[in-house]
Amino acid sequence: MLQFSKNALVSAVLVALATLPLLVRAEASTSERLAPSTMKAVGTVDERYQSYNVEMLEVTGGKFWKPYSDIDASSSDGEAEAGSAPSGMDPGLYQYRAPLDLANKRLRAMAQALAPAYMRISGTWANTTYFADTDTPPKDPPKGYAGVLTRQQWLAGIEFSRAVDAPIVTSMPTGVGTRGPDGVWQPDQARRWLDFTKAQGGTVAAVEYMNEPTMAAMGGAPEGYDAQVYGRDFKVFEAFMRKEFPDTKLLAPGSVGEADADWAVAKGGYGNQKALPAADLAASTGDADAFSYHHYGAASQRCKSMGFQTSRDQALSEDWLSRTDKTLAFYRDVRDQSMPGKPFWNTETADSACGGNPWGGTFLDTFRYLDQLGRLARQEVDVVFHNTLVASDYGLLDENTFEPKPNYWGALLWRRLMGTTVLDAGFANRAGLHVYAQCLRGVPGGVAMLVLNTDRQKPDSLSITGAASRHTLAAASLTDKTVMLNGTALQLGTDNDLPAMNGSATAGGELSFEPATITFLSVPLAKNQACM
């Protein structure tokens, strides 16, 4: 009875606060308290929860998103040469890039620091990539394919995966070249590729049948490909994988861009290409091990002709940050109908589709990156793959120098501090202040919290019980690419050494959070029973 009365009183106070002027409300928020020792467990995530994508096109080389500085102001009306752009997309938005140097010492060091993780090697181009299991690969892809993956290129992918403790997640080639005379998908190409991987000591932890079947035509599927044909082919794929590679998880359907909202990037399809609804695709995937999906809250300014745009002014708004929830809610309904009880894998996400927005590589997007990890961890999502590790504006690393972008520093702190048990922080997120909590990684009984002040102008505060170590990320300007930790700029040392990134000791009690800052708080002596 006493507890009920206390809760009722707190609710009444919060309702009253909502009617006060904003300045007074900010001062009154000091009554909001975080108690790490009593936070309850609400779920768990995979040890490799925070993972990343390396596009298949990065491994093979080919035409990927052109930098904004190089995009011609007038869109190309010319025909795309074979394989230069996905079906229906403007070839003027792409330019050739050489295969990624997966042996680069800096790249490996940066990826290793995020371990353990999964590395997803997939993307639109994977659907039409031919694995050349020969000493002399063909110069041009065979008929029905758009690209060639050589032995040496794939060996580099396998070696990178092993070196950085990131088992491979991928999708199958599914284009016209993989099909028999009757049009049914054949596993021959997949078998050679996966057999080679296994023989070379590689680990394929999970596979999807097709990358983004929502947009099957864009991904090189045969003309007229629909959900019924997808279901037929998925059954062939499933039987093949269960028999010959039973230790590899099956993920399905890998849909993209659906939500009950006008901003959903698959709404109405791409151009004149009709989208295949996830509900229809998933009707035949019930025996898969997890429900996979992609989320993009917008198409980037690179693809402005498609619509579905956002702006940097909206990048800290509640509408923008909550879009990942709306996509998941849409797919949850589909999951509950077709694959009840299966966990979610978000196998591709970033600030926006089409290579990311111009501010995707600045501190402004780090709020979305970390807020999304915090949100999805509480909602049955086992793994989240950021797109990408390197390529284009949304990469965690600069695609030319492999130096960390702001999102990488946020990712590194998440990796070091946030464990696999998800806690109820006891705080209702509100406009301007979001809080997430998980067990402190590697410290029995410890708790880690993530506090994001998304208000661009006003500080906020919370009361914390127990001494903590504080890591606050900030930038002189939200669109800077240089990030400060507790006032010191983060940068690589000699020989690619990462900075120590030590926290600042702080006593319990009232803590202030400056405008537009991200703070990790670790409480190693919380003695939280859920974290023992």
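What follows is calculated from the coordinates using simple rules that are stated; it is not laboratory data. As the structure is a prediction and not an experimental result, all values here were calculated from the model. Virtual Cβ from ideal backbone geometry, glycine too; neighbours counted across all protein chains shown.
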Angle between the chain longest axis and helix 227-244 axis [Cα atoms, degrees, rounded to 10]: 90
For segment 261-335: rounded, prolate or oblate by the Cα gyration tensor [a/c cutoff 1.5]: oblate
Separation in nanometres of the label points that stand 7 Å from Cα toward Cβ, at K243 and Q112: 4.2
Net dipole in debye of the chain [+1 Lys, Arg Cβ; -1 Asp, Glu Cβ; about Cα centre; nearest 20]: 1160
Distance between modelled label sites at Q186 and E159, nm, 7 Å Cα→Cβ extension: 3.3
Neighbour cut-off at most 11 other Cβ (10 Å), DSSP loop, GluC sites (Glu not before Pro), segment 307-398: none
Computed FRET value (nearest 0.05) for T488 with Q309, which takes r as the C-beta separation and R₀ as 41 Å: 0.70
Low-density loop cleavage sites - trypsin sites (Lys or Arg not before Pro) in segment 119-190, where at most 15 other Cβ are within 10 Å (DSSP): K139, K143
Positive-end residue, the chain charge dipole about Cα centroid, Cβ charges, pick of T310, I168, A132: I168
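Compute the Cα gyration tensor for the chain, then decide on rounded, prolate or oblate, letting a ≥ b ≥ c be the square roots of its eigenvalues: rounded whenever a/c is under 1.5, prolate when a/b is larger than b/c in the other cases, and oblate in all that remain.
prolate
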Least to most buried among S522, S322, S469 (fewest other Cβ within 10 Å first): S322, S469, S522
Lys/Arg +1, Asp/Glu -1 at C-beta; the chain dipole; positive extreme among Q112, P99, V435: V435
Debye, to nearest 20: dipole size of segment 315-397, +1 on Lys, Arg Cβ, -1 on Asp, Glu Cβ: 180
3J(HN,Hα) from dihedral phi, segment 435-442, Karplus parametrisation 6.51/-1.76/1.60, rounded to Hz, x for glycine, proline: 9, 10, 9, 8, 4, 5, 4, x
